[in-house]
Amino acid sequence: MSVLSALGLTSGKKVRYAVVALGDISQEAMLPGVAHTGNSEVTAFVTGDPEKARRVGERYGVTETYGYEQFGALLASGTIDAIYLATPNWRHAEFAIPALKAGIHVLVEKPLEISSEKCREIMAAQAASTAKLMVAYRLHFEPATLATIDLIRSGELGEILTFSSTFTQMVSPENHRATSGVTAGPIFDMGPYPINAVRYLFGDEPTEVVSAVGVRHPEAGLGDFDDTVAVTLRFPQNRLAQFVLSYYGNVLDTYAVVGTKGSVEVNPAYMYGKPLERTVTLGETKSHESFKNTDHFGGELKYFSDCILNGTDPEPDAEEGYADLRVIEGILKALESGGPVRLEPFTRRRCIDTEAQRQTLKAQSAPDLVNTSNPGKGKEKVPKN
């Protein structure tokens, strides 16, 4: 019997998901887009809040609910084929590894975990499993991002020299991101965006954290971590990348890549819920393009379910998550030491297939949230993650 047959997955069938954790990202972004994927459905929730499960379940027709301590029973229930894992960062391995051991596929939010050691544990579990794992790098499927990768790969910008990015938002002191320490702060929460972006735009891995500087604004009312961080990375071929992250700034998400013949700026670059836009400069000629707003979450879910149903390996796999964590760890060391940090040699074995991964599902409206809130100060629907 094939793996697909053993799971009850045959042509025309849908992949059955359990959503693990019903926080803002699950409620606001993932659940609204499941229905129009055509190949996915949600059959269970895992949460510690029965009222949340009941009210959100009524909205989507989900009646099966498990507490976190009942996760093993869910894996053995035969009612799911995969999980969407949206717990806090430091609980990803806790649920991903048992799921993989049980042959249950895993779509896990980024970052993959909070240390490269935990990432390697997840990678080992996936390698020993028949199940697939994908890290939810939604921009790997977004048309503006993929078009920009194609532009750089075409050579039109010439030799690529620099990457610069700013990613800021005003986080409420009441949000769990403000009270859970550095592993919920901007380095882990927002850092994967510019780190991942420069890696796929340069098509290479950084060799050194040249510098990392963090500051804290007491008036922000946040926890014991740097709320604003500036980082410089060195890449092979004399390329440099710089980015700023902040939990205490007005919303801005943008990056620019400069080459010897031209440049490209994407603004907005990382958020969902609105069109991404870019300006391309070739010599002195500028052109501007606004890309159609798409459902980032439904798109990545559709792609992952296709991989499960077709028996193909997803591109942003556990190794992609590890690649970002090795950089994050270097940033933390540079912040502590005040000096540069060399990164161990690493080569990514896969790259984005811009044609195969492009998804264009229509953007969905965000519903009212149940017993959770968006991290933005006074803004219930500020796009996040």
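The values are calculated or read from the model by the stated rules, or taken from the named source; none is laboratory data. Just so we're clear, the structure is a prediction, and the values are computed from it rather than from any experiment. Please note: Cβ atoms are built from the backbone with ideal geometry, for glycine as well, and neighbour counts cover all protein chains shown. To get the accessible areas, we keep the full protein, side chains included, count just its heavy atoms, and leave off ligands, DNA and RNA. Shrake-Rupley method; radii C 1.70, N 1.55, O 1.52, S 1.80 Å.
Exactly one residue out of Gly330, Gly321 is touching a Lys or Arg at 6+ places or on another chain (Cβ under 9 Å) and within 25 Å of Val34 (Cα to Cα): that is Gly321. Filtered by the rule that a residue be open to solvent by 10 Å² or more (accessible area, probe 1.4 Å) and over 21 Å from Thr207 (Cα atoms), the stretch 248-259 gives Tyr248, Gly249, Asn250, Val251, Leu252, Thr254. In a residue-by-residue description of the stretch 265-278, the property of being buried (at least 18 other Cβ atoms within 10 Å of the Cβ), closer than 26 Å to Asp353 by Cβ and of a type in the set (Val, Ile, Thr) applies to at least one position.
Ile160: farther than 27 Å from Lys302 by Cβ and at pLDDT 95 or above, yes or no? Against the criterion (farther than 27 Å from Lys302 by Cβ and at pLDDT 95 or above), Ile160 qualifies.
Of all residues in the stretch 73-90, those that are free of Cβ contacts under 8 Å to residues at least 60 places away in the same chain and open to solvent by 10 Å² or more (accessible area, probe 1.4 Å) total 5. Exactly one residue out of Lys292, Lys286, Lys302 is within 18 Å of the chain's Cα centre (by Cα), among the charged types (D, E, K, R) and at pLDDT 95 or above: that is Lys302.
Only one of the numbered conditions (1) buried (at least 16 other Cβ atoms within 10 Å of the Cβ); (2) modelled with pLDDT of 95 or more; (3) among the aliphatic types (A, V, I, L, M) is violated by Val213, and that is (1). Selection within the stretch 238-247: residues that are part of a strand (DSSP E or B) and within 21 Å of the chain's Cα centre (by Cα). The member of this set that is surrounded by the fewest Cβ atoms within 10 Å (Cβ to Cβ) is Gln242. From the list Gly221, Gly191, the lone residue that is closer than 28 Å to Trp90 by Cα and buried (at least 17 other Cβ atoms within 10 Å of the Cβ) is Gly191. Just checking, does the stretch 37-49 include any residue being surrounded by fewer than 20 Cβ atoms within 10 Å (Cβ to Cβ), among the polar types (S, T, N, Q), in a loop (DSSP other than H, G, I, E, B) and in contact (Cβ under 8 Å) with a residue 60 or more places away in the chain? Scanning the stretch 37-49, I find at least one residue that is surrounded by fewer than 20 Cβ atoms within 10 Å (Cβ to Cβ), among the polar types (S, T, N, Q), in a loop (DSSP other than H, G, I, E, B) and in contact (Cβ under 8 Å) with a residue 60 or more places away in the chain, so the answer is yes. Scanning the stretch 199-221 for residues that are under 23 Å from the mean Cα position of the chain (by Cα) and among the aliphatic types (A, V, I, L, M) yields Leu201, Val209, Ala212.
Contact map, the stretch 301-319: residues that are open to solvent by 50 Å² or more (accessible area, probe 1.4 Å) and part of a helix (DSSP H, G or I) paired with residues that are at pLDDT 95 or above and among the small types (Gly, Ala, Ser), Cβ distance under 8 Å, separation 6+ or inter-chain. Pairs shown: Lys302/Gly38; Lys302/Ser40.
Answer yes or no: is there a residue in the stretch 219-229 that is more than 22 Å from Ile149 (Cβ to Cβ) and assigned to a helix (DSSP H, G or I). Checking the stretch 219-229: at least one residue is more than 22 Å from Ile149 (Cβ to Cβ) and assigned to a helix (DSSP H, G or I).
The set of residues in the stretch 57-72 being exposed (fewer than 12 other Cβ atoms within 10 Å of the Cβ), within 26 Å of the chain's Cα centre (by Cα) and farther than 27 Å from Ile97 by Cβ is empty. Considering the stretch 91-132, the residues that are closer than 14 Å to Pro314 by Cβ and polar (S, T, N, Q) include one that is least open to solvent (accessible area, probe 1.4 Å), namely Ser129. When Leu9 is tested against (1) at pLDDT below 95; (2) open to solvent by 50 Å² or more (accessible area, probe 1.4 Å), just one condition goes unmet, and that condition is (2).
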